[in-house]
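The values are calculated or read from the model by the stated rules, or taken from the named source; none is laboratory data. For clarity, every value in this text was computed on a predicted model and none was experimentally measured. Here the Cβ positions follow ideal geometry from the backbone for every residue, glycine too, while neighbour counts run over all protein chains shown.
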Amino acid sequence: MKNYLSALFCIFISGYCHAIVVKGRVTDDKDQPLPFATVFIKGTTTGTTTNAAGQYQLDLAPGQYTVVCQYIGFKRTELPLNVNASTQTLDFHLQPVNMQIKEVVVKAGGEDPAYAIIRQAIKKRHFYQEQVKAYTCMSYIKGTIGLKSVPKSFMGQKIDKAEMGVDSAGKGMVFLSESVTKISARQPDKVKLEVISSRKSGGGFGLSFPAIISFYDNNVAAVITQMGPRGYISPIAENALAYYKYRLEGTFVEEGHTVNKIAVIPRRKQEPLFSGYIFITDKDWRIHSTDLLLTKEYQLELMDTLEIRQTHVPVTPEVWRVKDQVMYMSFNKFGFRMGGSFVNVYSDYNVHPDFPPKFFDNTFLKYDSAFDKQEHAYWDSVRPVPLESDEVKDYHEKDSIAKAAKDSALSSYHLDSLQRKQKGIKMMDVLWGGARHKYYFRKDSTIQYHSLEVKGLLKSLKYNTVEGLAIAIEPQLTIYTGEESSLRISPFLRYGVSNTHFNAYTQIDFSNGSKVRKRYGRNDWSLAGGKRVSQFNQDNPIDNIANEFYTLFLKENYMKLYENWFGKLRYTRIFQTNDQLSLGVTYESRNPVENTTDFVFFKNDRKQFTPNHPYELANVPFEKHQALVLDVNFTFQPGQQFVELPDRKIPFGSKYPTFKVGYSKGIPNVANSIVDFDKWSFSIQDNMNFKLLGEFRYHVGIGGFLNDRNVQIPDFQHFNGNQTFYNMKYLNSFQLAPYYQYSTTAPFYTTVNVEHHFNGLLTNKIPLFNRLKWNLVAGANAFYVNGDNNYVEVFGGIENILKMIRVDVVAGYQSKEDTRIGVRVGFGGILGNIVKFKTD
């Protein structure tokens, strides 16, 4: 790697010392600029694209060249150039292409001649998809996002336009980045990206991930999965004729190739389809260029529009590759109106690379050790797309601000400024929003801080039939202890007004990054002790808010509690591979508690609160006792890929499932502990995206007790039931099952949770549903212990309501009871899946 970088640096220095800058402007026949036109040296892939103002620049060694300029819809133009001065100008004035329509007799019921061309392109699709077995190239990426308007407030919070970096009218650039990345690829699915250099306006990571989009693929991914979970059907996919109509707009001749301009027209709305134009060469039936559009009407999510323009050029006499690609994005929601463009310029193709053994390892994206340390002169020399005036201004202003902030970072004035900028604590913060304060200080060459946070008192209030109203104070102090370590101290104070019990404990968490055999990871230690209130099912199947609603409004007390004096120590090692090992020991002196209140907002003599002891386990006694429990858990996911930074690797994901192994041991006769059991578990979980057919998710588990000589209720195997109207634990719960009816100490059990998210399949054909983009979800949950203890439920629902909400209708079956029918509400959809992930 060092030799490669040295050679690259020498080439750069040599080129920089001898290169001559060729500048110019590309305009149409009316002298209007042509943005992102392709400019390159004939016979090579050395070239660039114009910026939004139609300007370009090339760094060339002295010599004779032929410079080619082409733009979709205009005649390709070639101009000779003798490079012999320090700076030269070469402008292009492109003429609209003179389209010719072949005389074709279309009989009644016949088809447009475009269909014959598309059929030929479909036949050749797989050949071009597999033609290049391996390649390398360089990619320059420039991304910009600008705001055009901003609302005065969002979700009740006033928006500070200056803080966002926009002017008083809400206009301004909010993102600007550049990068140079080497792409290496080999069929069928090996890709490695090496970031040579990257920068972002104001500092930080730029966008270094090239959007590799191939319309030779049947299913085309649009940058990120969230913008289209099903992908999008290519205009020349195997089944494209079932989704698109085509119209031949005309033909033109370029470099001896007849090029057909074909309009791509979706047959139906609400399908994942493109519209626009695809240009196909005659006889060899390859893609010449594309100008294709995705919109909200064709299952584009998050964005309003996404336009993808590509220009393909020959890199060998037989092989054509993408020379440049431009993506235009627009977004107009909630009063925010923004637009952006991401330009990819590809060069230096090698379609016969010689990769060394094991070149394609588990590192998918690697950053060079000096990727963010390049000076302005470097960027001026390698940048193929000239900066526009607003981009120059943005770099200058934000980099200057960042430098000034860095230079003054350790000054007393800057420390005082940071302290003063903190918002004062108001009464509503104390009661509801939470009070926060940071204490800034100098540490080596940086400024760090400790923080104190107190949860809003009203949010900390709890209600249950054991304590009645529980008044709680939950502060949290976070102390900076090193560059990659922190200490968090969290006292929990709680007083039950009805039972007059005071419970208090403190948890101390220490997190520290470390190296083990040159591999980074994180060590987390957690120590806690005191007196607390716990649910019998330690997975906490019902949360406080749901329990309070059902208790106070519906007179149904599902939360079952016990008190315990406890001490707990846990060590967790999160490996660089994202695998996780957890070791813990917990000692509890467990005390039964009873209901002490029956207060409700609405009296209902037809209902009675159930005892605090789980009524489903009425025949299982629960008396005061001590328990010492040791547990070990290991979670791993094979095939993990990584983003490699100069000092560490970060997990990027894997195509394989996640496995989890667990073991718990109840240790008797130590500190009066009476529990004596051995409990094991194993599970496998994965999400499988089948693109057009939707996404399948599953969670399968097995486990049981090797020894159940003395198992108390908190140590049973509980299945996460749900008797409330909403669900937060998809793939880890049973939506209609009672909380403790199926709890067991059996030697073996198995659980299965499966869901299929159709992501628009089927519902895109139903009026209203397709316009609202509500998607179907269906699945089943089941567990089996024995013939007398088993449960199955099936469900179907709609998700992506307001991008976040999911509603299921569920039917639950148990061999000795009537079928249960219920409705459950939760998070699900493009944004809801993110919320759900954080709450599991």
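Scanning the range 798-820 turns up at least one residue that is surrounded by fewer than 15 Cβ atoms within 10 Å (Cβ to Cβ), in a strand (DSSP E or B), at pLDDT below 90 and among the polar types (S, T, N, Q).
The condition (being in a loop (DSSP other than H, G, I, E, B) and among the aromatic types (F, W, Y)) is satisfied by just one residue among F566, F609: F609. With respect to L736, determine if the residue is surrounded by 16 or more Cβ atoms within 10 Å (Cβ to Cβ), in contact (Cβ under 8 Å) with a residue 24 or more places away in the chain, out of contact with any Pro (no Cβ under 8 Å at 6 or more places or on another chain) and within 30 Å of V807 (Cβ to Cβ). Spelling it out, L736 is indeed surrounded by 16 or more Cβ atoms within 10 Å (Cβ to Cβ), in contact (Cβ under 8 Å) with a residue 24 or more places away in the chain, out of contact with any Pro (no Cβ under 8 Å at 6 or more places or on another chain) and within 30 Å of V807 (Cβ to Cβ). Exactly one residue out of S683, S673, S664 is touching a Leu at 6+ places or on another chain (Cβ under 6 Å), outside the structural domain of L193 (by TED's automatic domain parsing) and crowded, with 16+ Cβ neighbours inside 10 Å: that is S673.
Residues that are in a strand (DSSP E or B), touching a strand residue (DSSP E or B) at 6+ places or on another chain (Cβ under 6 Å), of a type in the set (A, V, I, L, M, F, W, C) and surrounded by fewer than 19 Cβ atoms within 10 Å (Cβ to Cβ): does the range 210-224 have at least one? No, there is no match, as no residue in the range 210-224 is in a strand (DSSP E or B), touching a strand residue (DSSP E or B) at 6+ places or on another chain (Cβ under 6 Å), of a type in the set (A, V, I, L, M, F, W, C) and surrounded by fewer than 19 Cβ atoms within 10 Å (Cβ to Cβ). Inclusion of K836 among residues that are part of a loop (DSSP other than H, G, I, E, B), modelled with pLDDT under 90, out of contact with any Asp or Glu (no Cβ under 6 Å at 6 or more places or on another chain) and of a type outside the set (S, T, N, Q) is not warranted. For T551, are the conditions met, namely being over 25 Å from S733 (Cα atoms) and either of a type in the set (S, T, N, Q) or touching a helix residue (DSSP H, G or I) at 6+ places or on another chain (Cβ under 8 Å) (or both)? Here the answer is no, as T551 does not meet what is asked.
Scanning the range 565-593 for residues that are farther than 25 Å from F502 by Cα, in contact with a Pro (Cβ under 8 Å, 6 or more places away or on another chain) and not β-branched (V, I, T) turns up Q576, N578.
Listed here are the residues, each with its yes/no results for (1) within 30 Å of D361 (Cβ to Cβ); (2) modelled with pLDDT under 90.
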residue: G156; (1), (2): no, yes
residue: E163; (1), (2): no, yes
residue: G172; (1), (2): no, yes
residue: D189; (1), (2): yes, yes
residue: I196; (1), (2): yes, no
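Filtering the range 585-612 to residues that are modelled with pLDDT of 95 or more, of a type outside the set (V, I, T) and in contact with a strand residue (DSSP E or B) (Cβ under 8 Å, 6 or more places away or on another chain) leaves Y587, E588, S589, R590, N591, P592, N612.
Residues that are touching a strand residue (DSSP E or B) at 6+ places or on another chain (Cβ under 8 Å) and of a type outside the set (A, V, I, L, M) within the range 613-630 comprise H613, F622, E623, K624, H625, Q626, listed in sequence order. Could you tell me whether any residue of the range 275-288 is under 28 Å from the mean Cα position of the chain (by Cα) and in contact (Cβ under 8 Å) with a residue 60 or more places away in the chain? For the range 275-288, residues under 28 Å from the mean Cα position of the chain (by Cα) and in contact (Cβ under 8 Å) with a residue 60 or more places away in the chain: absent. Residue pairs whose Cβ atoms lie under 9 Å apart, sitting 6 or more positions apart in sequence or on different chains, and linking a residue in the range 422-438 that is closer than 9 Å to K455 by Cα and in contact (Cβ under 8 Å) with a residue 24 or more places away in the chain to a partner that is part of a strand (DSSP E or B) and among the acidic types (D, E), are G434/E453.
Do the conditions hold for L761, that is, is it in contact (Cβ under 8 Å) with a residue 24 or more places away in the chain, closer than 14 Å to D808 by Cα and assigned by TED's automatic domain parsing to the domain that holds G797? For L761, the condition - in contact (Cβ under 8 Å) with a residue 24 or more places away in the chain, closer than 14 Å to D808 by Cα and assigned by TED's automatic domain parsing to the domain that holds G797 - is not met.
Here's the yes/no breakdown for (1) more than 25 Å from the chain's Cα centre (by Cα); (2) hydrophobic (A, V, I, L, M, F, W, C); (3) closer than 25 Å to K142 by Cα:
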| position | (1), (2), (3) |
| --- | --- |
| T290 | yes, no, yes |
| Q299 | no, no, no |
| Q310 | yes, no, yes |
| K323 | yes, no, yes |
| K333 | no, no, yes |
| G340 | no, no, yes |
| Y346 | yes, no, yes |
| D354 | yes, no, no |
| K358 | yes, no, no |
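Screening the candidates R697, R709 for the property of being surrounded by fewer than 18 Cβ atoms within 10 Å (Cβ to Cβ), of a type in the set (K, R) and either modelled with pLDDT of 90 or more or farther than 20 Å from V620 by Cα (or both) yields one hit, R709.
The condition of being more than 30 Å from V315 (Cα to Cα) and without any contact (Cβ under 8 Å) to a residue 60 or more places away in the chain holds for only one of D189, D160, that being D160. The number of residues in the range 352-371 being surrounded by 15 or more Cβ atoms within 10 Å (Cβ to Cβ) and either part of a strand (DSSP E or B) or of a type in the set (K, R) (or both) comes to 5.
Go through the range 372-387 residue by residue and tally those that are farther than 17 Å from D399 by Cα and part of a loop (DSSP other than H, G, I, E, B). Number satisfying all stated conditions: 4. If you check N732, N753 for being in a strand (DSSP E or B), modelled with pLDDT of 90 or more, farther than 27 Å from K269 by Cβ and in contact with a His (Cβ under 8 Å, 6 or more places away or on another chain), only one passes: N753.
Restricting A472, A528 to residues that are at pLDDT 90 or above, crowded, with 16+ Cβ neighbours inside 10 Å, hydrophobic (A, V, I, L, M, F, W, C) and farther than 16 Å from K568 by Cβ narrows the list to A472.
The strands (runs of 3 or more DSSP E) found wholly in the range 453-496 and carrying at least 3 residues that are without any contact (Cβ under 8 Å) to a residue 24 or more places away in the chain occupy 485-496. Residues in the range 480-525 that are among the β-branched types (V, I, T) and at pLDDT below 95: T481, V516. A count restricted to the range 786-797 and to residues that are outside any strand (DSSP E or B) and among the small types (G, A, S) stands at 1.
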